[in-house]
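Chemist: I'd like to ask some things about the structure below.
The values are calculated or read from the model by the stated rules, or taken from the named source; none is laboratory data. These numbers were taken from a predicted model, which means no experiment stands behind them. Here Cβ is always computed from backbone atoms with ideal geometry, including for glycine, and neighbour counts include all displayed protein chains. The accessibility values were calculated without ligands, DNA or RNA, using every heavy atom of the protein model including side chains. Shrake-Rupley method; radii C 1.70, N 1.55, O 1.52, S 1.80 Å.
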Amino acid sequence: MGLESPERRFEQLKAQLAMVFQPIIDVETGRCCAVEALMRGVGEVGFDSPLAVLAWAERVGKLAEVDALVRARTLVAFKALEAPADVRLFLNLENRLFATPTLTLEALLAELEHAGVAPESLVLEISERHSLAGETALEAELARWRAAGIGLALDDFGIELSNLDRLYTLGPEVIKLDKQFICGLGSDPRQVLFVKGVVALARSLGIKVVAEGVEDAAALEACREVGCQYVQGYFIEAPTAVPCLLRCPFEVASAHDLTASAGASHERQVLPEQQFLLEQLSQPPVLTLDMAMSDALTLFRQNAAHSHFPVLDAHGVPLGVVTERMLRRYVYSPYGYALLQKRTVNDQLAHLLKPCASVTLGTSAAGMIERYYQPGALRSEHEGVCALEQGRYAGFWTPEAILSALQWRDMKQARDENPLTRLPGNHTIERTLRDYLTHTRTDWATVYFDLDYFKPFNDHYGFRRGDEVLLLFARLLESHFSDDSAFLGHVGGDDFVMFLPCPEVEKVCIEVTALLATFSEEVRALYSAPDLADGGFMGTDRSNQSCWFPLLTTSAAMLVVPGRGVSISEQRLLETSVLLKGAAKVADSNLCCASVYPEPQATATRV
């Protein structure tokens, strides 16, 4: 095969090449919002992979021909899908040809017009594997492509050192996280921290994130938890000529909704936050794609109390909202009469539809607000938030309702947080503990911290110096466990608590031990020179007896709870933690760890 002429092999490739599509879905709604085009049939011509095809094409001087062939086949196949108008096509851009005479904007627009595909439907994926041709004049050239309506995505994000530079230079609409960061995401705390950081950075820049390589339910749930709004992978649907998800949404109930439904009654009983959010949920009339435009205008006139009207697809999944403000602008424009003549709402979506975030019913106020606002942005790009139940529309939160939720959350936090350390107090601690006990399906741990000899120190040096000790420990706790997945709380006095995912017990123990050592070292600065030299001071114990007190240390009781196959009551967990705390105080390392088993017993081991 390798001795055949390039021309003959190219002809064989033309005969065998086929294009398939893999759906990209919204993790909240399950709706397919895009498809990625992928090559198939290259094995019949002796190539191991599509990358091997491109490497061969470059080597024999046929890269431009192969790229044009792939593009032409893709556009024809995509048009034949008859996908909904809002489903976009992700197509890999051959970087080495970008902005060269063989791949110009004008040539691409002509190809799109010939195939009957709108420029707005196309998103070009820029890979990190090769540098872009014409990179010196990149920004000006990309501005032309964007102005034509073509979207840009940064593919394979995270595999090259130039990622951040590309993120700044290219200003993509989308980044696609490489699958190496998604595989095993739920079990690696460092991986979770990295992906969360990337998602936060992208959202602060107004960039959407697609997680590639979602191969199972655990990966899907992990992507949802770290904030990835869009996913693709074999668990969602394998690449195929005609994806089923174009017609029917993915069943997002798989991991997330089953967990939520299992604890739904518990949520309704114990979370006043959910009751508040349900009270703020409105039920405006909804628009459907096949609704006559005249009927839509009648709905607006008859429901003057509502200013936002959600638009749903045929499966009851929200596509966005039409606002009274936008509708009025078009009705009173010179084209208003023409607008009335349009037959359906679908005819006017490009002009009227505004973006709208979506969250599942039961999501916290903080989670809803996070989806509505871009981090660091002064205002949201969304016109509201749609509530979903089993992936279908269930109601709408207006911007005013979201503002009320924001105020409610801030007031709740202010009431409950410790006034000194500003860490969450007992009400939030209890609620979070119940949530872990009820909903968590992976191994997790609770760590109880108690400052040893704090009362004598406070009596000896005064409450101001005692407050400095508490602030020091709170600061160190936050610095050692800065990962968003760890919940930190201040029970009161000199007691602190932490809940966190615990896939690797040894790693958590090492970090807790490091925290205890750092505190013991830094707290020395709060002692007088004589007491520090003596290693403590004489004071009075709780029985009013004179007693020697050494320098402050911290005891930590860590209880690991397996995520599956174990049921433990809140009372049993607290009682076990108290026993462990006593064991920790006499342990050489000041740390005692135990695991919970299905039987009513815990095996404690000093670490």
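Chemist: Do we have any residue at all in the range 532-548 that's at pLDDT 90 or above, open to solvent by 40 Å² or more (accessible area, probe 1.4 Å), in contact with a Phe, Trp or Tyr (Cβ under 8 Å, 6 or more places away or on another chain) and of a type outside the set (Phe, Trp, Tyr)?
Modeler: yes
Chemist: Which condition number does Arg59 fail, the rest of (1) surrounded by fewer than 17 Cβ atoms within 10 Å (Cβ to Cβ); (2) within 24 Å of Val242 (Cα to Cα) being met?
Modeler: Exception for Arg59: condition (2).
Chemist: Here's a check for you: in the range 4-26, which residue that is more than 29 Å from the chain's Cα centre (by Cα) and modelled with pLDDT under 90 is surrounded by the fewest Cβ atoms within 10 Å (Cβ to Cβ)?
Modeler: The selected residue is Ser5.
Chemist: Then there is this: Which members of the range 228-250 meet the condition of being in contact with a Leu (Cβ under 9 Å, 6 or more places away or on another chain), more than 30 Å from Asp443 (Cβ to Cβ) and open to solvent by 50 Å² or more (accessible area, probe 1.4 Å)?
Modeler: Passing the criteria: Ala241, Val242.
Chemist: Keeping to the range 407-437, report how many residues are open to solvent by 40 Å² or more (accessible area, probe 1.4 Å) and either in a helix (DSSP H, G or I) or among the aliphatic types (A, V, I, L, M) (or both).
Modeler: Going through the range 407-437 one residue at a time, the tally reaches 16.
Chemist: If Thr29 satisfies all but one of (1) assigned to a loop (DSSP other than H, G, I, E, B); (2) closer than 27 Å to Val214 by Cα; (3) open to solvent by 20 Å² or more (accessible area, probe 1.4 Å), what's the number of the condition it fails?
Modeler: Only one criterion is unmet by Thr29, namely (3).
Chemist: Show the residue pairs that are 6+ apart or on different chains and have beta-carbon atoms under 6 Å apart, the first residue being within the range 438-456 and closer than 21 Å to Val578 by Cβ and in contact (Cβ under 8 Å) with a residue 12 or more places away in the chain, the second being open to solvent by 30 Å² or more (accessible area, probe 1.4 Å) and among the basic types (Lys, Arg).
Modeler: Tyr448/Lys581; Asp450/Lys581
Chemist: Looking at (1) under 30 Å from Ala314 (Cα atoms); (2) open to solvent by 20 Å² or more (accessible area, probe 1.4 Å); (3) in a helix (DSSP H, G or I), which is the one condition that is false for Leu38?
Modeler: It is condition (3) that Leu38 fails.
Chemist: Under 7 Å by Cβ, and 6 or more places apart or on different chains, what pairs join a residue from the range 80-92 that is open to solvent by less than 50 Å² (accessible area, probe 1.4 Å) with one that is modelled with pLDDT of 95 or more and among the hydroxyl-bearing types (Ser, Thr, Tyr)?
Modeler: Here the result reads Leu91/Thr74, each pair linking the range 80-92 to a residue that is modelled with pLDDT of 95 or more and among the hydroxyl-bearing types (Ser, Thr, Tyr).
Chemist: Further question: Among the residues of the range 111-123, how many are under 26 Å from the mean Cα position of the chain (by Cα) and surrounded by fewer than 20 Cβ atoms within 10 Å (Cβ to Cβ)?
Modeler: 1
Chemist: Listed residues Leu75, Leu108, Leu103; which is closer than 21 Å to Lys176 by Cβ, part of a loop (DSSP other than H, G, I, E, B) and open to solvent by less than 50 Å² (accessible area, probe 1.4 Å)?
Modeler: Going through Leu75, Leu108, Leu103 in turn, just one is closer than 21 Å to Lys176 by Cβ, part of a loop (DSSP other than H, G, I, E, B) and open to solvent by less than 50 Å² (accessible area, probe 1.4 Å): Leu103.
Chemist: Return the pair list, or none, for Cβ contacts closer than 7 Å from residues in the range 290-302 that are more than 15 Å from Met326 (Cα to Cα) to residues that are open to solvent by 40 Å² or more (accessible area, probe 1.4 Å) and among the basic types (Lys, Arg), at least 6 apart or on different chains.
Modeler: Filtered contacts from the range 290-302: Ala292/Arg343.
Chemist: Here is a further query. Can you tell me which residues in the range 466-497 are polar (S, T, N, Q) and closer than 17 Å to Tyr453 by Cβ?
Modeler: Once the filter is applied, which keeps residues that are polar (S, T, N, Q) and closer than 17 Å to Tyr453 by Cβ, the range 466-497 yields nothing.
Chemist: In this structure, does Phe157 turn out to be at pLDDT below 90 and either within 30 Å of Asp313 (Cα to Cα) or in contact with a helix residue (DSSP H, G or I) (Cβ under 7 Å, 6 or more places away or on another chain) (or both)?
Modeler: Details: at pLDDT below 90: yes; either within 30 Å of Asp313 (Cα to Cα) or in contact with a helix residue (DSSP H, G or I) (Cβ under 7 Å, 6 or more places away or on another chain) (or both): yes.
Considered against the rule, which asks whether it is at pLDDT below 90 and either within 30 Å of Asp313 (Cα to Cα) or in contact with a helix residue (DSSP H, G or I) (Cβ under 7 Å, 6 or more places away or on another chain) (or both), Phe157 comes out as yes.
Chemist: Residues in the range 273-283: is at least one at pLDDT below 85 and open to solvent by less than 30 Å² (accessible area, probe 1.4 Å)?
Modeler: Yes.
Chemist: Next up: Give me a count of the residues in the range 182-197 that are crowded, with 21+ Cβ neighbours inside 10 Å and in contact with a Phe, Trp or Tyr (Cβ under 7 Å, 6 or more places away or on another chain).
Modeler: Qualifying residue count, the range 182-197: 1.
Chemist: For the range 226-244, which positions are of a type in the set (Ser, Thr, Tyr) and in a loop (DSSP other than H, G, I, E, B)?
Modeler: Once the filter is applied, which keeps residues that are of a type in the set (Ser, Thr, Tyr) and in a loop (DSSP other than H, G, I, E, B), the range 226-244 yields only Tyr234.
Chemist: So, one more: Scanning for something touching a Lys or Arg at 6+ places or on another chain (Cβ under 7 Å), over 16 Å from Phe90 (Cβ atoms) and crowded, with 18+ Cβ neighbours inside 10 Å, does the range 219-227 turn up at least one residue?
Modeler: Yes.
Chemist: Every residue in the range 458-491 that is open to solvent by 30 Å² or more (accessible area, probe 1.4 Å), part of a helix (DSSP H, G or I) and either aliphatic (A, V, I, L, M) or farther than 10 Å from Thr421 by Cβ (or both), please.
Modeler: Asn458, Asp459, His460, Tyr461, Phe463, Arg464, Arg465, Glu468, Leu471, Ser479, His480
Chemist: Just to check your reading of the model, which residue among Leu515, Leu526, Leu552, Leu500 is open to solvent by 10 Å² or more (accessible area, probe 1.4 Å) and either more than 28 Å from the chain's Cα centre (by Cα) or within 19 Å of Val469 (Cβ to Cβ) (or both)? Working first, answer last.
Modeler: On the way: Leu515 fails: open to solvent by 10 Å² or more (accessible area, probe 1.4 Å); Leu552 fails: open to solvent by 10 Å² or more (accessible area, probe 1.4 Å); Leu500 fails: either more than 28 Å from the chain's Cα centre (by Cα) or within 19 Å of Val469 (Cβ to Cβ) (or both).
The unique qualifying residue is Leu526.
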